[in-house]
Every structure is written in C-alpha cells, then in structure tokens.
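Working notes, structure below.
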Amino acid sequence: MLSTLLLAWYDAHKRVLPFRGTKDPYRIWVSEIMLQQTRTETVGAYYERFLSLFPDVFALANAQEQEVLKAWEGLGYYSRARNLHKAAKVVAEEYGGVFPADLEALRGLPGVGDYTAAAVASIAFDLPAPAMDGNLTRVFSRVCGVREDVGAPSVKRQLLLLAKEHMPARRCGDFNQALMDLGATVCIPGTPDCERCPLRSLCNAYAEGDAEELPRKAAAKPPKELQVGVIIITCGAKVLLMERKEALLKGMWVFPLAEEGSTLSHVDKRLNTLQIKARFAGKIGEARHVFTHRIWQMTVYHYVADACQAKEGRWASLHEMNALPLPTAIRAAKEWAVELLTPEIRPILPEWMEKVSRAYSESWRSSHAHHCSPAFVEEHTPLHMEMILRGHLDTGKDVYAIFCAREAAGVLVLDQGENELVSLYLHPNYQNAGVGKAAVRFAVENLKKERNMRVTVLEDNQKAQHIYQSAGFTKMQERRILNKERNVVEMDLIREGEME
C-alpha cells in the first residue's frame, strides 16, 4: 500500500536532476558520493564537469590523485574524492571495470557505506536495499511513529527493517528516490507539508499531531572553534603552497598554516619551522570555515620573502596556484592571494620612482650582463635608470610602474606618437610568472590598434620574442648589429593594425 501510493506520487512529481534517469552504476555512484553532505542543487554542475573529465571508471582509475582533487575543488569533504579514486582503481583492477551487482561487494569498496551501496544497488540493479539517509529516516520515523532517538543503533536497525518491509519487489531504485524526493520537498525537517503528502492517510505522526517533533535526535556536540593563522608568503610573483599530509584536507594544497594559534608569535614560530626568512607585510583579513566537528577562525597575514627558499612546499605562480586543488576552507585567502599576484600597472607617481628605478636597474643588469662589459653594466645604477625614466616623461612618453604582491616589479614605457612599446623590464623575481604577458597585453590595449605597433627585442632573447609573438607581434622588420664581437643583434617586431 505504502509503495503503491509513493510510486504513483513519484511518477507525477519526481524532481528532474542531471544524475537521474541512468542505470549506469558508475554515474550513479559518482552522484551519490557527491550528494553526501552536499546540497542537491550544488552537485549538478560539479557532476557534469567531473564526468566530462572522467567519463568512465577506467578514466578515473588512471587519473592522478591531484587531478581528481582539483575536479572536486569546492565540494568539500575531500576524503570522498580520495576514496572515489581508490574505489575506481579497485573496480578497474579487480572487477574488470564492471561494478558488482552485489550489496556486500559494493559495501567493500573504499568510501562506500551502507547508504551508498544501497543507493547504487537499488537504482542500478533494482536490488531491494533501502538507502537510509536523513530523508528516509525522517519519513519512516513519522509514518511508522518511531519516537526514540534515531541515532541509537537499535532504532536505526528498527527503521531499516521497516523500510525493507515496505519496499516493493520491483522499482526498488524508484522507491528509494521517491522517498528522497518526498523527504526533500514535502516531509521536510521542522514543519512538513502534510496536506500534500501522499502518505498522509498512513502516517502515525500526522494522526497523533506530532510530525513536527519527529524524528527525535540527541543534541549534537557543538564543533570546536580553533584559531588558525594563514600565511600568504610571496616571493616575487610566486606564493608558497604546502600539500596537506594531515587527515583533514589531505592531498589538498594550502598556504602555510599556524594551527596552534593565529597571533603573530604563532605565525613566526611556523615560519621558523619552515626555515623561511620573510618580512611582515601586513594583516590582510579574517575568514571563517565550518567543518563537521571544528571551526577554523582564520587570520590571514602577508609576508614577503626575498628568496624563493623553504624547507618544504612549492613556490607557485598565479597560473600554477589556480591549477592546483585548494580547499574551500581557504577560499578567502586564495582570493586575497590572487589579488596579490595579479599585476597592477599604473602611471608612475613621484613617490614610486625610487622603488621602480631599483627594479628597473636590477632587471636591466640581469638582461644585459652576458653581452655588455661589466663596467657598462655597473653604470646602470638605480639613479641612472631614474634619469632615463624622467627623460621618457620629459619627452611625452607614457611611463608605467608595474606592481605585483604590493612590490615594485618593473617598468613599462609606451610612445603613443610612434605607437611603440619602448621598454618593458621586470625584476628577475617577477619573470616567468605571467607578469610580462600581462604587461604586453596592457601595452596592446593602450596603443592604437588601427596602426601598426612596434617593439624592439634582442635576437637572442627567445622568451621575450615568444611573449610578444603570442600577443600578435609576428612581422619582423629591421635587424641591427649592436656589437659584432659579442654577436649582439636587435630586431623589430610589428603587430599589424586592425582594419575597420
């Protein structure tokens, strides 16, 4: 009787979800793992993207764990992703890629508990296994009038037996999904919509008038709040990241954490363990993340290291950081790090001239040391480079300061009259991290697109040529020998104007 009423209601009112309508156990398994501890409306986009990356169990089994964690980024509870990866390997290697149509065998897969095994078994193979999640527990406690603590093992067994008694011989998967939908849309926590419920005539709690009080649960222990220091350490255009070895967030990448406390003394202690020499650049902000059993109250700090050295961890550019799996817990810190590592290009101000000239000097020396005499290189002091920049300003050129991680990273000079990128120099710490590409894009946007643009590069500077050519500077014009003995040759690259 119950199953007849329920399935008739389901046929008329079932939710349309991206993971419904399939009998593929792989897809069902992936969706059920994702749905654990995660809202249904959140899962859809992740599910589609995950399957596009790993369309079958072999693709998932052969992937690297970091790839799986990156695809899972934002869903939280990352042990699910690691177990998903482990279970895929088991299915691929021990079952030939075919999921077993057996409840006990499914339950033996890593990360697959009673609920997930029952969901896959019933939906994919039509096996009579109740998928006892919160929705099913709530529905049966109300319909059958179970008024004991549903968290008690004996009561859990009682509810499971009641669910088995009512499960039909066929459409077992639809029966479970119907109960899930009923619990999610009608027999909801708190105040259920009993007037719309297809099981109202059978419901003990409705008859007794205490549906709002069921199910009964013992009070949950509140999560413990912890003060955590999050340390964003930049070195040039890179930031230090650490791969978590601890059980919480294992395999994910985070900024160095001071988990014993969030004060500056705790942070300094953590820096000492990493053997990092870095200067304090300021407090950035605060953030909070709630895990199941703990709360991280985070204070985020910025430190600057002059050398990309640390006892452990990885120095990552903005692009590299975005490619690594970082957990939702440090989302706010990541956003601040992205802001720090995103280059800022501004018209130079007098108060910046000294810092920018210093970066200009070090960049020029680094670029020209191999083909100029030591004496000539030494002449290009910060003061000398400041005179050059002031000369560019005096002749009407646009001089820009490039900042990254709140530090002077280099200089960009444009000549609007000649439609030329005159100079682009970056301090060595900010090279090979996307800052140069950003500066060239800025130059292209700020010069006249309808006319040919020009830039002069050294013939042996392949990296610079690659950056310019990727921005559309493809046509080589003049070629000039500057120093025959040292084979110093410069040439012009042209970006042809856009025709209207």
**Study point:** Intensity falloff of the range 249-306 expressed as log10 I(q)/I(0), Debye formula with alpha-carbon point scatterers, at q = 0.15, 0.16, 0.23 Å⁻¹
**Key:** -0.49, -0.56, -1.07
Check your understanding: In terms of the Cα gyration tensor, with a ≥ b ≥ c the square roots of its eigenvalues, is the range 322-388 rounded because a/c is under 1.5, prolate because a/b exceeds b/c, or oblate?
Key -> oblate
Study note, to complete from the structure: Given the candidates M132, L84, A71, the one whose Cα lies deepest towards the positive end of the charge dipole of the range 56-144, counting +1 at each Lys or Arg C-beta and -1 at each Asp or Glu C-beta, is M132
Check your understanding: Can you list, largest first and rounded to whole Å, the semi-axes you get for the range 205-358 by taking the square root of 5 times each eigenvalue of its Cα gyration tensor?
Key -> 40, 18, 15
Check your understanding: How large is the Kirkwood hydrodynamic radius of the range 1-83, in angstrom, based on all distinct alpha carbon pairs?
Key -> 14.1 Å
Exercise for review: Please report, to two decimal places, log10 I(q)/I(0) for the range 55-119 at q = 0.16, 0.27 Å⁻¹ as given by the Debye formula with identical point scatterers on the Cα atoms and no solvent.
Suggested key: -0.52, -1.20
Review point. What FRET efficiency comes out for the pair R294/I481, r = Cβ-Cβ distance, R0 = 56 Å, nearest 0.05?
Key: 0.25
Point to revise | Residues with amide H under 5 Å from that of R294, placed H, sequence gap 5 or more | key: K224
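Once fully extended, how much extra length lies between V444 and K89, figured as 0.36 nm per residue of separation less the alpha-carbon to alpha-carbon distance? It would help to have the intermediate numbers written out before the result.
Details: separation 355, 0.36 × 355 = 127.80 nm, distance 4.88 nm.
Extra length from V444 to K89 when fully extended: 122.9 nm.
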Review point. Which of the cysteines found in the chain have nothing to pair with, since no other Cys Cβ lies under 4.7 Å from theirs?
Key: C144, C172, C187, C194, C197, C203, C372, C404
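Based on the alpha-carbon gyration tensor of the range 395-486, what equivalent-ellipsoid semi-axes (square roots of 5 times the eigenvalues) come out, in whole Å, largest first?
21, 18, 13
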Review point. Label T395 and E344 with points 7 Å out from Cα along Cα→Cβ: what is the distance between them in nm?
Key: 3.0 nm
Revision key, fill the gap. If R0 = 35 Å, then K250 and R170, at their Cβ-Cβ distance, give a FRET efficiency to the nearest 0.05 of 0.25
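Quick one: putting +1 on the C-beta of Lys and Arg, -1 on the C-beta of Asp and Glu, what dipole do you get for the chain around its Cα centre, in Debye to the nearest 20?
900 debye
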Check your understanding: To the nearest 500 deg cm²/dmol, what mean residue ellipticity at 222 nm is calculated for the chain from DSSP H runs of n ≥ 4 alone, each contributing -39,500 (n - 2.57), summed and divided by the residues?
Key -> -12500 deg cm²/dmol
Review point. Quick one: with all protein chains in place, what share of the accessible area of the range 329-450 is carbon or sulfur, to the nearest percent (1.4 Å probe)?
Key: 51 percent
Exercise for review: Would you kindly calculate the translational diffusion coefficient of the range 84-225, applying Stokes-Einstein with the Kirkwood radius from alpha carbon pairs, for 4 °C and a viscosity of 1.567 mPa s, and quote it in µm² s⁻¹ without decimals?
Suggested key: 79 µm²/s
Study note, to complete from the structure: Of the convex hull drawn through the C-alpha atoms of the chain, the volume per residue in Å³ is 216 Å³
**Study point:** Value in Å of the Kirkwood radius, where the range 150-231 supplies the Cα pairs that are averaged
**Key:** 15.6 Å
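Determine the per residue accessible area of the range 211-281 with all protein chains present and a 1.4 angstrom probe, expressed in square angstrom.
53 Å²
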Revision key, fill the gap. Once T22, T42, T474, T299 are ranked on solvent-accessible area with the largest value leading and a 1.4 Å probe, the list reads T474, T42, T22, T299
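Tell me, in nm to one decimal, what length is gained between K156 and R314 on full extension, where the rule is 0.36 nm per residue of separation less the Cα-Cα distance? Don't skip to the answer; put the middle values down first.
On the way: separation 158, 0.36 × 158 = 56.88 nm, distance 4.68 nm.
Extra length available between K156 and R314 comes to 52.2 nm.
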Practice item. Go through H384, L340, I402 and say which Cα lies farthest out towards the positive end of the charge dipole of the range 333-431; charges sit on Cβ, +1 for Lys and Arg, -1 for Asp and Glu. Key: L340
Review point. How far, in nm, would the chain grow between T456 and R406 when pulled straight, counting 0.36 nm per residue and subtracting the alpha carbon separation?
Key: 15.1 nm
Practice item. Return a whole-number percent for the relative contact order of the range 87-242, with Cα pairs under 8 Å and 6 or more residues apart as the contact set. Key: 21 percent
Practice item. Treating only the Cβ atoms of Lys and Arg (+1) and Asp and Glu (-1) as charged, compute the dipole magnitude of the range 141-272 about its Cα centre; round to the nearest 20 debye. Key: 500 debye
**Study point:** For E243, net neighbour charge (Lys/Arg +1, Asp/Glu -1) across residues whose Cβ lies under 12 Å away
**Key:** +1
Point to revise | Mean shadow area of the range 343-467 over all directions, Cα convex hull, nm² | key: 7.5 nm²
Check your understanding: Evaluated at 37 °C with a viscosity of 0.692 mPa s, what Stokes-Einstein diffusion coefficient in µm²/s does the range 49-163 have when Rh comes from the Kirkwood expression over alpha-carbon pairs?
Key -> 208 µm²/s
Study note, to complete from the structure: Taking only the Cα positions of the range 268-364, the convex hull volume per residue in Å³ is 151 Å³
Practice item. Mark the label point 7 Å from the Cα of H466 along Cα→Cβ and return the residues of the range 420-450 whose backbone N is within less than 19 Å of it. Key: 424-441
Point to revise | Between the range 284-303 and the range 185-210, the Cα center-to-center distance that results, in Å | key: 41 Å
Revision key, fill the gap. Restricting to aspartates and glutamates and to Cα separations under 14 Å from K277, and discarding same-chain partners fewer than 8 apart, the set is D268, D306, E312
Practice item. Could you calculate, for the range 197-257, the ratio of the Cα radius of gyration to the Kirkwood radius, expressed as Rg to Rh? Key: 1.44
Revision key, fill the gap. Mean 1/r over distinct Cα pairs of the range 427-471, inverted to a Kirkwood Rh in Å, yields 11.5 Å
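The values are calculated or read from the model by the stated rules, or taken from the named source; none is laboratory data. If you're wondering where the values come from, they're calculated on a predicted model, not measured in any experiment. Ideal geometry is used to build each Cβ from the backbone, glycine not excepted, and the neighbour counts take in all protein chains shown. When the accessible area is computed, the model is the full protein with side chains, heavy atoms only, and any ligands, DNA or RNA have been set aside. Shrake-Rupley method; radii C 1.70, N 1.55, O 1.52, S 1.80 Å.
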